[in-house]
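Okay, so here's the structure we're looking at.
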Amino acid sequence: DYQKNNRMIFVVLPTLFDAQTYYDGLLNLVCEDDVLFYPVDEMVTASLLIASNEFKFERISTIISMLEDKPRIVVTNVNGILRGILPFKKWRENIFKLEVGKNYDLHDIKRKLVEFGYKNVSVVSKSGEFSVRGSIIDYFPINSLDPVRLDFFDDELDTIKTFDVNTQLSKLRIKEAKIFPIVELFYDDEVKNKMETEYETFPNFFRK
């Protein structure tokens, strides 16, 4: 029905457990690419912090897939429907696109990765990390099986490749790449400047 009518279908289950079970069952019936999962914790405790971070990446990956406007089935729990997210327009406006042969400021790319929530490490080994070695920037998108390597010649993006996270050897050469936010709440320069301006107008006792 979702493919025939070219629309997105949302399936809302009472609990996270129910949603996970339903999602796992759907994977046996339809193509994996056609089913998305949007899990939201029912409560967060110290023992759930790791799981919560995994759920966050799953939610963002689902949002990124939904930006493609393809007919899919989205499975979530009640808390997922109640949880507020930024408008898709904001997500689309904050996609940083990179193309081979174009010029970029490496410092701007590094700044954008930090703003988008990526962690700066010496060697990229998992989703959400990036590293810088001279004219090479590696980053691991959460919606990709492999990390991405950006190789610059001066300011020109010379090559874009995916690479093996274990061997660090290049795999596939591609012509373009995208950097998506990996945080669920982010601000563009316009919003940040507005917030800073309004902050300066607050009486001093509000800022103590």
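Rolling a 1.4 Å probe across the protein heavy atoms gives segment 73-119 an accessible surface of 56 Å² per residue. Residues whose amide H lies under 5 Å from that of VAL11, counting only those 5 or more places away or on a different chain, are VAL74, VAL75, THR76; hydrogens are built 1.01 Å from N in the peptide plane. A protection proxy built from the mean count of other Cβ atoms within 10 Å ranks the segments 112-119, 97-104, most packed first, as 112-119, 97-104. Judged by the mean number of other Cβ atoms found within 10 Å, the most tightly packed of the peptides 62-73, 127-138, 26-37 leads the ranking 127-138, 62-73, 26-37.
Equivalent-ellipsoid semi-axes (√(5λ), Cα gyration tensor) for segment 76-167, whole Å, largest first?
Numbers: eigenvalues 148, 57, 27 Å².
Working from the Cα gyration tensor, I get semi-axes of 27, 17, 12 Å.
What residues from segment 122-141 fall in the zone where the backbone N is under 16 Å from a label point 7 Å along the Cα-to-C-beta line of GLU54? Taking a point 7 Å out along Cα→Cβ of GLU54, the residues of segment 122-141 whose backbone N falls under 16 Å are 126-128. For the residue pairs LYS89/LYS126; LYS70/LYS112; LYS70/LYS110; LYS102/LYS126; LYS110/LYS178; LYS70/LYS119, the C-alpha atoms sit more than 24 angstrom apart in LYS89/LYS126; LYS70/LYS112; LYS70/LYS110; LYS102/LYS126; LYS70/LYS119.
The values are calculated or read from the model by the stated rules, or taken from the named source; none is laboratory data. Not measured: the values here are computed from a predicted model. With ideal geometry, Cβ positions are generated from the backbone for all residues, glycine too; neighbour counts draw on all protein chains shown. Accessible surface areas use protein heavy atoms only, side chains included; no ligands, DNA or RNA. Shrake-Rupley method; radii C 1.70, N 1.55, O 1.52, S 1.80 Å.
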